[in-house]
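*Asks:* Have a look at the structure that comes next, please.
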Amino acid sequence: MRDNKLLLIPGPSPVDSRILEALARPTVSHLSPEMEKELSGTIENLKKIVMTREGQPFIIAGAGTLAMEIALLNITAESDRLLILSQGYFGQRMVEIAEAFGLNYRLLESPWGRVVKLDELRSELKKHKYQVVTCTHVDTATGSCAPVKRYAEIIKQEAPEALLVVDGVCATGGIEENLDDWGIDVVLTAAQKCLGVPPGLAIDVFSRRAMEKRKKLPKVKAYYSDILRWLPVMENPKKYFSTPAVNEIRACYEATCLVLEEGLEKRFERHERYASAIRSGLRSLGFSIYTDETCLASTLSVIGYPEGIDDQSFRKKLDDHGVVVAGGLGPTAGQVFRLGHMGNLTREDIIFAFDAIEKTLLSLGGEVSLGDGVETVRSLLIR
Ligand SMILES: Cc1ncc(COP(=O)(O)O)c(C=O)c1O
């Protein structure tokens, strides 16, 4: 019997006991040898996770939205033109941040459930000159995964001076993001999704080119979010600017060690395998997948209900069975539910979830023979 509910919302994701133990370790001084070891250790681990030799990570108390703000404010000059690629809710959030700081932006968006097409990006870059381009790797509202590597190639061809910002909040540590080889300038992410750490850390990794851009900017509209105030701390944790989230960093150190122990290729492949097993299992139970087949993300699924199953009742009953999923956002609210399958999720977790989903469907009058869905997903998970 589980002590607590299985968290299958698209972040926070289930937290491995090793990470929870690290979080519960004593709070030490932020200038202590322990913090020096664990903060610089996390920085080195993050460089490996986003595949950069010279990139500079920043780990700052806050959430993914702060990481978005830090990325935009530290590389966008007032005179710059910013192109925002959006495939849903969090692309729109990038627009809101740009508007909040009066940045000069243009929006290129796709319908929900799809992504901005390569030729749409290419023709936009041919039409206008941009200094900064942002994209969302996985939009957590739509479950759509953008072809970041291809976007980076097109930007290199059509706008080589433009800096590329990738919102990896629902991807970093679960899907490949190669900062150096793909030519990404900022990967932004947060602790609570594919890294599997409780919420509380904003993480940005700046390429050498992005750092040079920041150093050239006379000033930025930020104090706490100004990376040049944090750089001395990231380079030498014995330095002080503002008190880092000590226990969160202890947990993040453990989590990034765990990612590298599993191995990036194996971890990315596991996310793919779990995602396709879960989607096949759900289809076998009469659910449908909202996101277009061409851009399915491996870190979450957005799922339509079988005929006659009500959203609120389903999620409530499923919660009673010990599994927590999220509702739809924006236009999809009430029509779909969102199931996160990222981070350190285990096979046992997924099987437990399917058992609960079947019992929930049955209790709501759905056509289901108990065990079928569990067997479908179990057989696919062991492959
Ligand atoms: C793609 C994406 N970007 C940004 C955010 C914002 O992160 P936070 O909720 O930690 O502020 C989220 C949160 O779900 C997200 O999924």
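The values are calculated or read from the model by the stated rules, or taken from the named source; none is laboratory data. In this text the structure is predicted, and so the values were computed from the model without any measurement. Neighbour counts are summed over all protein chains in view; Cβ atoms, including those assigned to glycine, are modelled from backbone coordinates with ideal geometry. These accessible areas exclude ligands, DNA and RNA; they are computed on the full protein's heavy atoms, side chains included. Shrake-Rupley method; radii C 1.70, N 1.55, O 1.52, S 1.80 Å.
*Asks:* Condition (residue is surrounded by fewer than 24 Cβ atoms within 10 Å (Cβ to Cβ) and within 15 Å of the ligand (Cβ to nearest atom)) applied to the stretch 120-143: is it met by at least one residue?
*Replies:* Checked against the condition, which is being surrounded by fewer than 24 Cβ atoms within 10 Å (Cβ to Cβ) and within 15 Å of the ligand (Cβ to nearest atom), the stretch 120-143 yields no hits at all.
*Asks:* Would you check if Asp3 is part of a loop (DSSP other than H, G, I, E, B), open to solvent by 70 Å² or more (accessible area, probe 1.4 Å) and either at pLDDT 95 or above or among the charged types (D, E, K, R) (or both)?
*Replies:* Working: part of a loop (DSSP other than H, G, I, E, B): yes; open to solvent by 70 Å² or more (accessible area, probe 1.4 Å): yes; either at pLDDT 95 or above or among the charged types (D, E, K, R) (or both): yes.
So Asp3 passes the test.
*Asks:* Shifting gears a bit: Name the single residue that is farthest from Leu73 (Cα to Cα) among those in the stretch 213-227 being touching a residue at least 60 places away in the same chain (Cβ under 8 Å) and part of a helix (DSSP H, G or I).
*Replies:* In this case the residue turns out to be Lys213.
*Asks:* Exactly one of these conditions fails for Val169: (1) open to solvent by 10 Å² or more (accessible area, probe 1.4 Å); (2) under 17 Å from Ala71 (Cα atoms); (3) away from the ligand (no atom under 12 Å from the Cβ). Give me its number.
*Replies:* Of (1) open to solvent by 10 Å² or more (accessible area, probe 1.4 Å); (2) under 17 Å from Ala71 (Cα atoms); (3) away from the ligand (no atom under 12 Å from the Cβ), only one is false for Val169: (3).
*Asks:* Mind checking whether some residue in the stretch 262-285 is touching a strand residue (DSSP E or B) at 6+ places or on another chain (Cβ under 7 Å), assigned to a loop (DSSP other than H, G, I, E, B) and within 29 Å of Leu362 (Cβ to Cβ)?
*Replies:* No, that holds for no residue.
*Asks:* A further question follows. Kindly provide the set of residues from the stretch 334-354 that are touching a strand residue (DSSP E or B) at 6+ places or on another chain (Cβ under 6 Å) and free of Cβ contacts under 8 Å to residues at least 24 places away in the same chain, ordered by number.
*Replies:* none
*Asks:* Lys238: of a type in the set (Lys, Arg), more than 16 Å from the ligand (Cβ to nearest atom) and in a helix (DSSP H, G or I), yes or no? Steps first, please.
*Replies:* Working: of a type in the set (Lys, Arg): yes; more than 16 Å from the ligand (Cβ to nearest atom): yes; in a helix (DSSP H, G or I): no.
Here the answer is no, as Lys238 does not meet what is asked.
*Asks:* Now for a separate question. Checking Ala210 against (1) in a helix (DSSP H, G or I); (2) aliphatic (A, V, I, L, M); (3) within 18 Å of His271 (Cα to Cα), which test does it fail?
*Replies:* (3)
*Asks:* While we're here: Keeping to the stretch 290-305, report how many residues are buried (at least 16 other Cβ atoms within 10 Å of the Cβ) and outside any strand (DSSP E or B). Walk me through it before giving the result.
*Replies:* Our first condition is that a residue be buried (at least 16 other Cβ atoms within 10 Å of the Cβ); within the stretch 290-305, this holds for 290-292, 295-305.
Next cut, outside any strand (DSSP E or B) only: 290-292, 295, 297-299, 305.
Total meeting the criteria: 8.
*Asks:* Kindly provide the set of residues from the stretch 192-212 that are more than 16 Å from the ligand (Cβ to nearest atom) and buried (at least 21 other Cβ atoms within 10 Å of the Cβ), ordered by number.
*Replies:* Phe206, Ser207, Ala210
*Asks:* Another question about this same structure. Is there a residue being under 19 Å from the mean Cα position of the chain (by Cα) and in contact (Cβ under 8 Å) with a residue 12 or more places away in the chain anywhere in the stretch 16-25?
*Replies:* Step one: filter the stretch 16-25 for residues under 19 Å from the mean Cα position of the chain (by Cα), giving 16, 19.
Checking the rest, the ones that are also in contact (Cβ under 8 Å) with a residue 12 or more places away in the chain come to 16, 19.
Scanning the stretch 16-25 turns up at least one residue that is under 19 Å from the mean Cα position of the chain (by Cα) and in contact (Cβ under 8 Å) with a residue 12 or more places away in the chain.
*Asks:* How many residues are outside any strand (DSSP E or B) and either surrounded by fewer than 24 Cβ atoms within 10 Å (Cβ to Cβ) or more than 10 Å from the ligand (Cβ to nearest atom) (or both) when one looks only at the stretch 178-191?
*Replies:* To start, the set of residues in the stretch 178-191 that are outside any strand (DSSP E or B) comprises 178-185, 191.
From what is left, the residues that are either surrounded by fewer than 24 Cβ atoms within 10 Å (Cβ to Cβ) or more than 10 Å from the ligand (Cβ to nearest atom) (or both) are 178-185.
Here the count works out to 8.
*Asks:* Is it true that Ile175 is within 16 Å of the ligand (Cβ to nearest atom) and under 30 Å from Glu21 (Cα atoms)?
*Replies:* Numbers: within 16 Å of the ligand (Cβ to nearest atom): yes; under 30 Å from Glu21 (Cα atoms): yes.
Taking the combined requirement at face value, the residue satisfies it.
*Asks:* If you don't mind, another one. Evaluate the stretch 67-77: report whether one residue or more is away from the ligand (no atom under 16 Å from the Cβ), surrounded by 17 or more Cβ atoms within 10 Å (Cβ to Cβ) and of a type in the set (A, V, I, L, M, F, W, C).
*Replies:* Pass one, the stretch 67-77, residues away from the ligand (no atom under 16 Å from the Cβ): 74-77.
Then drop every residue that is not surrounded by 17 or more Cβ atoms within 10 Å (Cβ to Cβ), which leaves 74-76.
Then drop every residue that is not of a type in the set (A, V, I, L, M, F, W, C), which leaves 75.
Among the residues of the stretch 67-77, at least one is away from the ligand (no atom under 16 Å from the Cβ), surrounded by 17 or more Cβ atoms within 10 Å (Cβ to Cβ) and of a type in the set (A, V, I, L, M, F, W, C), which makes the answer yes.
*Asks:* Would you point out the residue of the stretch 78-117, among those that are among the small types (Gly, Ala, Ser) and under 18 Å from the mean Cα position of the chain (by Cα), that is surrounded by the most Cβ atoms within 10 Å (Cβ to Cβ)?
*Replies:* Taking the stretch 78-117 first, the residues among the small types (Gly, Ala, Ser) are 79, 86, 88, 91, 98, 100, 102, 110, 113.
Going one step further and asking which of them are under 18 Å from the mean Cα position of the chain (by Cα), we end up with 86, 88, 91, 113.
Numbers: Ser86: 23, Gly88: 28, Gly91: 25, Gly113: 21.
For the stretch 78-117, the residue satisfying everything is Gly88.
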